[in-house]
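J.: One structure is given below, represented as structure tokens, and several questions about it will come after.
The values are calculated or read from the model by the stated rules, or taken from the named source; none is laboratory data. Please read these numbers as outputs of a predicted model, since none were measured by experiment. Virtual Cβ from ideal backbone geometry, glycine too; neighbours counted across all protein chains shown. Ligands, DNA and RNA are excluded from the accessible area calculation, which covers all protein heavy atoms including side chains. Shrake-Rupley method; radii C 1.70, N 1.55, O 1.52, S 1.80 Å.
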Amino acid sequence: KCKIVGGQDFAKISKQERDKVEHLFGRPCGESIALAMNDESVLWLDDLPVAQLSASTYRVKYAWTQAVICHGCESGWFSEDLLVTVSLELLQLGYTATRLVPKIVCDAGRKADWSLEDRHFRAALSWFGNGDVPSKRLAWVASNVVAIAMSEPSDNIQGDKVIVALLREVAGRHDGQTLLKQFFDSLDTGWKAVPVDIERLRGLIRQVIT
């Protein structure tokens, strides 16, 4: 059950802390943090640095939109389509901490007919350039998306454009060229169980490796 409450709890914090929080986050956010200090409350926001700082400094519990929707899907309250839509909207709005799985990227591609002009699909591909995503997770998502993009688009030319766009996003990371070379070197050993044209993929990676 939800209810709308005022920000009176902000006044319970010492003036020094109030001034500090208001300077860092603004008064509305400060009032929300003060409310979340109550054991029965959770701070719901998508600004990860604010959430992490609030948790470490003020010991508040926090949640973010994607996690709430994901929990709702697991509980049967929401459909997976909603999770895909919300995740893509968060990326489009610039929330780089949004987590992606192959299904979200591929669903975005299918809805866009694999067109790179679609804003949601472009936002999904931009995730691969996020240097904060752990390299192992990025490689797992990328390999699955690449395999689908090589087989599902109606023609190979469009599929190749998607893969090259994804690889160029990876190349933009601080460790991008290293990841691409590891990706390239793994083609002979790590892709035997994946139904892809290895030589075709090898040629696409060569376009991006510098």
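J.: Would you pull out the residues with amide H under 5 Å of A63's amide H, same chain only if 5 or more places away, H placed 1.01 Å from N?
T.: L43, W44, L45
J.: How would the stretch 60-162 be classified by its alpha-carbon gyration tensor: rounded, prolate or oblate, with rounded meaning a/c under 1.5 and the a/b versus b/c comparison settling the rest?
T.: Working: a/c = 1.96, a/b = 1.58, b/c = 1.24.
Note, shape of the stretch 60-162 comes out prolate.
J.: Using a 10 angstrom Cβ neighbour count of at most 11 plus a DSSP loop assignment to flag exposed trypsin sites (Lys or Arg not before Pro), which longest range of the chain is free of such sites?
T.: 60-191
J.: Here's another thing I want to ask about it. Which residue, L125, L138, L45, tops the fluctuation ranking in a GNM of the chain built on C-alpha contacts under 10 Å?
T.: Looking only at L125, L138, L45, the largest GNM fluctuation is found for L45.
J.: Continuing with this model, one more query. In square angstrom, what is the accessible area per residue of the chain with a 1.4 angstrom probe?
T.: On the way: 12190 Å² over 210 residues.
Accessible surface, normalised per residue, equals 58 Å².
J.: Once a ≥ b ≥ c are taken as the square roots of the eigenvalues of the Cα gyration tensor of the stretch 1-75, is the result rounded (a/c under 1.5), prolate (a/b larger than b/c) or oblate (a/b not larger than b/c)?
T.: Judged from the Cα gyration tensor, the stretch 1-75 comes out prolate (a/c at least 1.5, a/b above b/c).
J.: What nm value, rounded to one decimal, do you get for the distance between N38 and E199 when each label is placed 7 Å out toward the C-beta?
T.: Computed distance between label sites N38 and E199 equals 6.8 nm.
J.: Quickly work out the N156-to-L48 label distance, labels modelled 7 Å from Cα along the C-beta direction, and quote it in nm with one decimal.
T.: Inter-label distance under the simple model: 3.8 nm.
J.: Report the far tail of the P(r) of the chain, meaning the percent of Cα-Cα pairs longer than 22 Å.
T.: Cα-Cα pairs of the chain separated by over 22 Å account for 58 percent.
J.: Length gain on complete extension for the stretch Q92 to S135, per 0.36 nm per residue less the alpha carbon to alpha carbon distance?
T.: Between Q92 and S135, full extension yields 13.3 nm more.
J.: A further question follows. How high is the relative contact order of the stretch 79-156? Use alpha-carbon pairs under 8 Å, at least six apart in sequence, and give a whole percent.
T.: Values: 57 pairs, mean separation 24.0, N = 78.
Once normalised by length, the contact order is 31 percent.
J.: What is the calculated FRET efficiency for D113 to S79, with r their C-beta to C-beta distance and R₀ = 22 Å, to the nearest 0.05? List each step's numbers first, then the result.
T.: Working: r = 21 Å, r/R0 = 0.98.
Computed FRET efficiency for D113 and S79 comes out at 0.55.
J.: Please calculate the 1.4 Å probe accessible area of T210, with all protein chains present, and give it to the nearest 10 Å².
T.: Solvent-accessible area, nearest 10 Å²: 130 Å².
J.: Could you work out the relative contact order of the stretch 89-210? I mean the mean sequence separation of Cα pairs under 8 Å and 6+ apart, divided by the number of residues, in percent.
T.: Worked out over the stretch 89-210, it gives 24 percent.
J.: Moving on to the next point. Contact order normalised by length for the chain, with contacts defined as Cα pairs under 8 Å and 6 or more residues apart; what percent is it?
T.: On the way: 210 pairs, mean separation 24.6, N = 210.
It comes to 12 percent, rounded to a whole number.
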